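The values are calculated or read from the model by the stated rules, or taken from the named source; none is laboratory data. Every value quoted in this text rests on a predicted model; they were computed, and no experiment measured them. Counting neighbours? That spans all protein chains shown, and the Cβs are built from the backbone with ideal geometry, glycine included. Surface areas here come from the heavy atoms of the whole protein model, side chains and all, with no ligands, DNA or RNA. Shrake-Rupley method; radii C 1.70, N 1.55, O 1.52, S 1.80 Å.
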Amino acid sequence: MQRMPPAKKTSESNPNAKHLVIVESPAKARTIERYLGSDYKVLASYGHVRQLPSKKGSVDVDKDFEPLYMPIEKNEKHVAAIRKAMKSADDLYLATDLDREGEAIAWHLVELVKPKPEQIKRIVFDEITKGAIIEAVKHPRGINQDLVSAQETRQTLDYLYGFTLSPFLWKKIRYGLSAGRVQSVALRLIVEREREIEAFKPDEYWTLDALLKQPKEKDEKLATFGATLAEDGDKKLKQFDLTKARAAELAKELPEHPLKVATVETKDRKRSPSPPFTTSTLQQEASRKLGFAARRTMRTAQTLYEGVPIGGGESTGLITYMRTDSMNLAQSALTEGRTLIGKKYGQDYVPESPRYYKAKKGAQEAHEAIRPTSFARTPDEMTRHLNTDQLKLYRLIWQRALASQMADAKLAQTTARIAAGKDGAAILKATGSQVTFPGFIKVYLEGTDEPSEDTEKLLPELNEGDSLELLKAGSEQHFTQPPPRFTEASLVKSLEEHGIGRPSTYASIITTIQSRSYVRLEERRFFPEEVGMIVSDLLTNHFAQYVDYGFTSGIEEELDEISEGKRERVPTLKEWWGPFEKLVAQKDKEIKKEDVVHEPTDKPCPTCGKGHLIIKLGRFGKFYACSRFPDCDFMGPLEEQAKEEEALKEQTKGEKCPECGAPMVIKRGRFGAFLGCSKYPDCKGTKPITTGVKCPECGKGELAEKKSKRGNFYGCTNYPKCKFTTRQKPTQEPCPKCQSLVTEKGKSKIACTQCDWEKDVDESEAEKTESAAK
């Protein structure tokens, strides 16, 4: 990777410049100053310059919700540099981002720097290229006060929502929790999905599957294919129609009778490309295909937008603005893309006319979709200029944007009905598809959140009347599956579908609900923690209208109306604040803490015998306590925890403190169980509880289960000297092929971490493996 050139001290560059340009980041400042030349000095504000302090009273609700802004201390020196440079400048070009937040930063800068009205020039652009910047400078405008008002309304509403509901949660559950207009609804989505899974009752159903062979086919791989029972006599089978007994009966009957192809039908179908990326779809696809968290995607995209050194070390913006919900592409991009497609893939891959995509309601059509600033900069050519993350994301953006302007893919879909059983009354169905013209698939195919069977499956050539061989037939038991837990991609998709928040905020929302320990991410799926479920239940049961999907999306629509000048800020806030404040005050009086975090049981206290046990919520989860506390101070683990505790005691029997040699006891902290010295607090020695599996990297430490905000993982006890980690549970036995570490791969498979060895295991073996790992 080519290194970035040393940053110029932009405050000293172009000392005789007549025009002052302000952007948010220094990387963007360096690129733009190079484009504009010596008459322009470009400085960075380093993001927002004023904010609402994170304390009560930062909004005066009695004075039309007046926000009491304070300068951001760490950015005061940058504002001072801008103020100093303004003294010798003829005018001030405010080139902050083209969204609501960017408009607000421009307005706050004016409030602090105080230039003359005639000096203020607001410019916007979708991409950081020389042509786009020079064109923007030619067409300045004033600050859009409607956009500023919309941003201020959003900030005020979110401040009042959080600083009113969060202290309520502190009183009713525990200190340090938070509520938010968008984060609480995102949490509700995850919790409600978990409740659906808990309530789900699987239904049994049966299928009859057969492996067939076309004896006329010379290609052995193509000759064999699968088929499933679709009709039984005159009845077309639905999911639950086939019984276990009938499936077994037919499985025995099939080998006794000939199989003949009854009908063959081939249909041509087309598949169209997906539109170029918006912020939301970029986050979803980067999660599916690259395994990127939303925050990682946006951080990487920001660097590609602001500029990367290429060609002589000069910084160049490689993609258009990455916070957008538009699917439009500029006419110049359409022309360049279509020309490249024709040259690289042939004219058959260029559709007759450019493709235009219809965006969802409320999208900012004046903006562009996310695309490369030049299709001529292919990912292969950018390899030596970009780091690993940048290259992966740039390739994804380049491919998606180019594919969006390519011809449809053409497929031939074949369905064969095969007469089987007595009198050919049982009809097996086999389907296959073949790509006859790849079209856009040559470049890009969209990922899916869940495993899909929509892949190319080939059938041998089949004709009506052909006799087929039966290789194998059997009945198979299945069960319906609960809805899947959310991945980052499917959560982002659901948030967007419900109109909750803005795509540019999804990364921070997902980070917040994890940092508050409301949810954890395991194997890329979100699981709600106990405290998250309690918080969500409390808010849903008592503040239903304010964690409702419709309320949150309705607020977004009102903010859009304010930004379009169709709605006023103060009436919007008044309409919401009055009822909200009243309800919080009412619930504060009605709800007692013990009603929220205590679950009574009919079990007597084992210590005093007079009280009964209640389940309480502590810092590290639920536990039993006596109802007569503080007269009786009994505390104990729940049944499942007690079983785990016994197993851990057996596993760690004889462990001695590394500090003083005293016996170790099992203790629990925020990251799970660990061994602590029995002489605490006189001795504070601790040890992790390990799996007993040696670290495959250093060979000195052992692998121990650890917790993080992004879920559980296994790491070496020799950390920080050894930084080996794995998300999969390790097993005791090494790989029989190469002697490397073997880990669980799902519930029914174990696999080597270094070679291609893997093995299916039944549930009992999987349980033994899990037990050994623990």
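Results, tabulated for the structure shown:
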{"item": "Amide H contacts of Arg567 (H built 1.01 Å from N, under 5 Å, at least 5 apart or other chain)", "result": "Ile562"}
{"item": "Ordering of 421-432, 68-79 by packing [mean C-beta count within 10 Å, highest first]", "result": "421-432, 68-79"}
{"item": "Links that overshoot a 29 Å alpha carbon limit, given the list Lys201/Lys236; Lys422/Lys472; Lys592/Lys684", "result": "Lys592/Lys684"}
{"item": "Additional length obtainable on full extension of the chain from Arg83 to Glu599, 0.36 nm per residue less Cα span", "result": "179.8 nm"}
{"item": "P(r) of region 474-521 over all Cα-Cα pairs, binned every 5 Å from zero, in whole percent", "result": "4, 16, 22, 19, 12, 6, 6, 5, 4, 3, 1"}
{"item": "Cα centroid of region 252-318 to Cα centroid of region 459-506, whole Å", "result": "16 Å"}
{"item": "Amide proton proximity set for Ile319, modelled H, under 5 Å, gap of 5+", "result": "Tyr305, Thr373"}
{"item": "In Hz, Karplus ³J(HN,Hα) per residue of region 48-57 (6.51, -1.76, 1.60; θ = phi - 60°; x = Gly, Pro)", "result": "5, 10, 9, 8, 7, x, 7, 8, 5, x"}
{"item": "Lys138-Met635 pseudo-label distance in nm [points 7 Å out on the Cα-to-Cβ vector]", "result": "7.1 nm"}
{"item": "Relative packing of peptides 125-135, 466-476 - highest average C-beta neighbours within 10 Å first", "result": "125-135, 466-476"}
{"item": "Accessible-area composition of the chain, carbon plus sulfur, in percent [1.4 Å probe]", "result": "48 percent"}
{"item": "Subset of Lys28/Lys121; Lys429/Lys457; Lys63/Lys116; Lys643/Lys707; Lys221/Lys429 violating a 24 Å alpha-carbon distance limit", "result": "Lys63/Lys116"}
{"item": "Alpha carbon Rg of the chain, scaled by the compact-globule rule 2.2 N^0.38 Å", "result": "1.15"}
{"item": "Equivalent ellipsoid dimensions for region 69-223 as semi-axes, Å, which come from the Cα gyration tensor, largest first", "result": "54, 33, 13"}
{"item": "By average C-beta atoms within 10 angstrom, highest first, the peptides 538-551, 50-63", "result": "538-551, 50-63"}
{"item": "³J(HN,Hα) computed for each position of region 550-560 - Karplus, 6.51 cos²θ - 1.76 cosθ + 1.60, integer Hz, glycine/proline x", "result": "x, 5, 5, 5, x, 4, 4, 5, 5, 5, 4"}
{"item": "Selected from Pro140, Met298, Val742, residue furthest toward positive end of dipole (the chain; charges at beta carbon)", "result": "Pro140"}
{"item": "Principal semi-axes in Å for region 161-228 [√(5λ), Cα gyration tensor, largest first]", "result": "58, 16, 8"}
{"item": "Spin-label zone in region 472-505 - amide nitrogen under 17 Å from a point set 7 Å from the Cα of Glu198 along the C-beta vector", "result": "482-486"}
{"item": "Accessible heavy-atom area order of Asp97, Asp602, Asp537, highest first, probe of 1.4 Å", "result": "Asp602, Asp537, Asp97"}
{"item": "Per-residue ³J(HN,Hα) for region 480-496, Karplus 6.51 cos²θ - 1.76 cosθ + 1.60, θ = phi - 60°, Hz, x for Gly and Pro", "result": "5, 10, x, x, x, 5, 5, 8, 4, 5, 6, 5, 4, 4, 5, 4, 5"}
{"item": "Cβ-based charge dipole, region 85-173, positive-most Cα from Leu109, Gly131, Trp170", "result": "Trp170"}
{"item": "Label-point gap, in nm, between Lys56 and Arg619 - each point 7 angstrom along Cα→Cβ", "result": "2.4 nm"}
{"item": "Per residue, in Å², the accessible surface of region 607-678 once ligands and nucleic acids are set aside, probe 1.4 Å", "result": "63 Å²"}
{"item": "Three-way shape call for region 263-319 based on the alpha-carbon gyration tensor, with the a/c threshold at 1.5", "result": "prolate"}
{"item": "Region 504-564 shape via C-alpha gyration tensor axes, a/c threshold 1.5", "result": "oblate"}
{"item": "Glu231 long-range amide H proximity, modeled H, under 5 Å", "result": "Leu237, Ile427"}
{"item": "Euclidean distance of C-alpha centroids, region 580-600 and region 29-50, integer Å", "result": "51 Å"}
{"item": "Farthest positive-ward along the chain dipole, Cα basis, beta-carbon charges - from Val23, Met327, Gly636", "result": "Val23"}
{"item": "Average accessible surface area per residue within region 398-530, 1.4 Å rolling probe, Å²", "result": "45 Å²"}
{"item": "Dipole magnitude (debye, nearest 20) for the chain, charges at Cβ of Lys, Arg, Asp, Glu", "result": "2780 debye"}
